[in-house]
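Notes follow the structure.
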Amino acid sequence: MARKLESNGDVTLDTNNNTNPQQHQYKSFKDSQYFKSPGNAPFGRNSFSKEKRQSVSETTRVVFLCVIWYILSSTGNVLNKFILTNYLPGYAITMSFGHLTIIVLLLPALHKLWRIPVAQSLSRRYTYRFIIPLAIGKFMASISSQFSIYKIPVSYSHTIKASMPIFTVFFTSVLMREKYSFRVWCSLLPIVCGVAIATVTELQFNWMGMLSSLFATALFSLQNIYSKKVLKETRMHHLRLLYLISRSAFVMLLPVWLIFDVRGMASDEALAKTHANPMLTFILLLLSGCIMFGQNIVAFTVISLLTPLSYAVANAAKRIFVIIFSLVTLKNPVTYVNLFGMGVSCCGVWVYNKAKLTELALKNKKLKYTLPTTSRDVRDGISMGSKNSSDEGYINPAYQESKMYKQATDI
């Protein structure tokens with residue numbers, strides 16, 4: 001026969017069997033965490049209000065950062081176009097060198113301010129194999145991007161940059177031996193169609209500008225692929241890697257800048273405005289570099305706060321915002337069909353990311369609880385205290401790697 005005991009609000013059932021009484025212990029309302037609320041507030045009202053305030057605060061922060069990101073990106077591109085057209089016509093190397101200089105000078109101070117951990121020292125072989133090629137790709141992509149802005153409108157240049165998923169799928173298929181589903185390949189069609197429509201209907205079309213923009217997009221894609229590989233293998237902070245690559249690119253670009261740009265600046269008649277206002281040109285270059293630096297930092301912050309799909313939507317909206325802003329400020333001639341092609345290409349980026357994330361979710365579902373195939377899987381997945389061990393059973397290490405998917409960016 002069970003006896004009912006009450007002690008300090010706790011209700012305990014005591015039986016005649018040799019059962020541990022703690023197994024039958026129940027919590028009273030005043031000890032319950034779910035209903036606990038301070039003061040005389042009704043049950044749960046304050047906790048829900050706090051969560052709601054936190055959610056609103058987080059949403060407000062993301063929206064604010066996206067607005068700053070859009071403003072910096074649009075004004076930076078328009079300012080670069082203005083400088084390359086009026087003060088430094090054809091001097092894309094000088095523009096890229098200015099941007100790299102600002103990054104190399106300001107990033108160390110930001111590392112100290114944000115207390116970013118120091119990166120581990122890399123071997124010489126690893127540096128020559130990955131860091132140096134990444135640095136070469138960075139300064140070549142930067143020069144090609146600035147040259148394309150000089151030759152073609154900003155709106156058309158960003159439409160071409162929307163084709164980055166095409167290069168990403170191609171390079172990862174060839175270099176990394178990744179396999180994509182039919183859905184992912186079909187999702188690239190809107191991007192191809194949009195870029196093709198925008199190219200055919202572009203009123204200020206230039207072959208050199210188009211090819212340089214495509215070359216820059218391909219280099220940005222390669223840089224994203226191998227940057228993710230380095231970050232995964234070295235566990236380095238992304239801002240540390242950005243500084244390491246930028247510093248190496250700065251050292252490589254310095255002699256190129258001195259030979260190709262500085263040597264001919266004094267006698268170039270196209271730089272009449274620069275010779276008349278050297279201080280104004282320097283201030284514009286400094287402002288352009290600071291805007292590009294701020295854009296990089298804000299973009300990486302947005303990436304860390306949003307899911308890949310949300311970032312894809314934000315990035316597509318950013319391109320549309322930049323295109324509209326450049327058309328309004330620079331007053332480039334454009335047709336409705338051209339605008340339609342630009343919109344299709346930008347929305348195609350979102351379609352691709354949606355298809356990629358859907359495929360990734362299906363892959364995770366298959367990988368998560370598959371049986372181990374190697375002795376290492378058994379050792380890592382089933383061992384007590386393993387990072388892959390779970391109360392639900394064995395978790396395939398490939399599932400852990402697949403969760404590291406991050407969004408590609410051309411910043």
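Give me the net charge of V169's neighbourhood, meaning all other residues with Cβ under 10 Å from the Cβ of V169; Lys, Arg count +1, Asp, Glu -1. Don't jump to the answer; show the numbers that get you there.
Working: positive: K356; negative: E178.
With Lys, Arg at +1 and Asp, Glu at -1, the net is 0.
Report the gain in length on full extension from K363 to I259: 0.36 nm times residue separation, minus Cα-Cα distance, nm rounded to one decimal.
32.3 nm
The share of Cα pairs per 5 Å bin across the stretch 152-284, counted from zero up to the longest distance, runs 2, 8, 12, 13, 15, 17, 14, 11, 6, 3, 1, 0 percent. Extending 7 Å from the Cα toward the beta-carbon at both K112 and I68 defines two label points whose distance is 2.2 nm. For the cross-link pairs K138/K161; K138/K228; K229/K318; K151/K354; K138/K354, the ones whose C-alpha atoms lie over 24 Å apart are K229/K318; K151/K354; K138/K354.
Seen from L254, the other residues with C-beta closer than 15 Å to its C-beta sum to a net charge of +2, counting Lys and Arg as +1 and Asp and Glu as -1.
The numbers here are math on the coordinates, done by the rules we state, and not lab data. As the structure is a prediction and not an experimental result, all values here were calculated from the model. Cβ sites come from the backbone with ideal geometry, for glycine too, and all protein chains shown count toward neighbours.
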